[in-house]
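Heads up: the structure comes next, in structure tokens.
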Amino acid sequence: MKTKPRALRTGGLSLRLDVRALTVTVVLLLAALTASVVLIGTGDFPMPAADVLKVLFGEGNPGQELIVNDLRLPRVLVGLLVGASLGLGGALFQAVSRNPLGSPDVLGLSQGATAGALVMIVLFSGSTTQVTLGALVGGLVTGALIYLLAWKRGVHGYRLVLVGIGVSAVATAVNGYLITKADIVDAARAVVWMTGTLDGRDWKQVWPLLALVCALVPLVLANARGLRMMEMGDDVSHALGVRVERVRLLLMVCAVLLTAAATAAAGPVSFVALTAPQLARRLTRSPGPNLVPALCMGAALLVTADWASQRLFGDGQLPVGVVTGVLGGGYLLWLLITERKAGRI
């Protein structure tokens, strides 16, 4: 049963509250935090959730604090931030393109960021910081190229998706070429990075990504009303006072930055940006971009996938990108079949 949004009035302010969407968001947030605590306790030195919470609140012994605060907590925080960034970035791209396939994976932004990282790895044998900067620059250049090529008296959904698919194919070819020209050591390093992994992540990856997320999320939410109006069409949005191209460009820049930063921190983790917004929308049953639910869904998905990559495959551990790729690929096939039956593709 679909619940209707309720209007809350306080003085001269009026706020529409969707109870179901709020409930789903809270549940997803709690699921992400619960999965994080379980993941911190997972490893060669397992810890009960109660002990993990004690350490997080400063009540653990020195050995536990070393394991939690120095080794496992940074990895989990990177996973949460990367998942949240990809979920929010995917929701923005899908809302701007008005297409459920309009995610960074399909539009080529992840491949562009990968190309930037590979240039630093293969051509310059760059450090971790240089690879991160290369991925950021590659994502930004790819986003700008897609926007410019898709521009024709504005940017429209299917043109954006088609241009993105073309740019993705070119970037994939460039990535393949760079791998073939690399020596064996750099090629092995590049392949591991390209899979998408949280292994070896520390506080150096946490702080820049946290700062970027804290800066961009309020900016995105401040323009959420304009984005929701744009789903009714550019003409209607103009009539309602929305500066369409300005809002669209601003939100696309935010989405590109979120995606590029997530790729720089963990590699191109596939399909989270595609699946998280759609799953969030199906749970909330709410119109609009569902930005905050998508953010929470992305965080929960990635942390859960990281736990699965460590626990469900015997003694060996898989990169988290392998798990998300398998699950996301199946979801993509289901989505394509659903869209085809509905006559939308």
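The values are calculated or read from the model by the stated rules, or taken from the named source; none is laboratory data. Not measured: the values here are computed from a predicted model. All Cβ positions, glycine included, derive from the backbone under ideal geometry; neighbour counts span all protein chains shown. Quick note on the areas: whole protein, heavy atoms, side chains included, nothing else; ligands and nucleic acids left out. Shrake-Rupley method; radii C 1.70, N 1.55, O 1.52, S 1.80 Å.
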Quick one: which residue in V68, V38 is assigned to a helix (DSSP H, G or I), aliphatic (A, V, I, L, M), open to solvent by 60 Å² or more (accessible area, probe 1.4 Å) and modelled with pLDDT of 90 or more? V38
Quickly run through the stretch 55-65 and pick out the residues that are of a type in the set (G, A, S) and surrounded by fewer than 16 Cβ atoms within 10 Å (Cβ to Cβ). G58, G63
Got at least one residue in the stretch 215-224 being more than 19 Å from the chain's Cα centre (by Cα) and part of a helix (DSSP H, G or I)? yes
Of all residues in the stretch 175-188, which are surrounded by 14 or more Cβ atoms within 10 Å (Cβ to Cβ), in a helix (DSSP H, G or I) and at pLDDT below 90? D186, A187
Candidates T263, T259, T284 - the one that is in contact (Cβ under 8 Å) with a residue 60 or more places away in the chain, in contact with a Pro (Cβ under 6 Å, 6 or more places away or on another chain) and under 23 Å from L145 (Cβ atoms): T259
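Here's the yes/no breakdown for (1) more than 24 Å from Q130 (Cβ to Cβ); (2) open to solvent by less than 10 Å² (accessible area, probe 1.4 Å); (3) of a type in the set (S, T, Y):
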{"site": "G200", "(1), (2), (3)": "no, no, no"}
{"site": "W207", "(1), (2), (3)": "no, no, no"}
{"site": "A211", "(1), (2), (3)": "no, no, no"}
{"site": "V217", "(1), (2), (3)": "yes, no, no"}
{"site": "A224", "(1), (2), (3)": "yes, no, no"}
{"site": "G241", "(1), (2), (3)": "yes, no, no"}
{"site": "R248", "(1), (2), (3)": "yes, yes, no"}
{"site": "C254", "(1), (2), (3)": "yes, yes, no"}
{"site": "G267", "(1), (2), (3)": "no, yes, no"}
Of the residues in the stretch 71-104 that are closer than 23 Å to L162 by Cα and under 10 Å from the mean Cα position of the chain (by Cα), the one that is surrounded by the fewest Cβ atoms within 10 Å (Cβ to Cβ) is A91
If T338 passes every condition in (1) part of a helix (DSSP H, G or I); (2) hydroxyl-bearing (S, T, Y); (3) surrounded by 14 or more Cβ atoms within 10 Å (Cβ to Cβ) but one, which one does it miss? (3)
Please go through the stretch 145-174 and give me each residue that is open to solvent by less than 50 Å² (accessible area, probe 1.4 Å) and within 21 Å of the chain's Cα centre (by Cα), ordered by number. I146, Y147, G157, L160, V161, V163, G164, V167, S168, A171
Here are some residues: V292, V303. Which one is open to solvent by 20 Å² or more (accessible area, probe 1.4 Å), in contact (Cβ under 8 Å) with a residue 40 or more places away in the chain and not in a loop (DSSP other than H, G, I, E, B)? V292
Does R281 meet the test of being crowded, with 18+ Cβ neighbours inside 10 Å and touching a strand residue (DSSP E or B) at 6+ places or on another chain (Cβ under 9 Å)? no
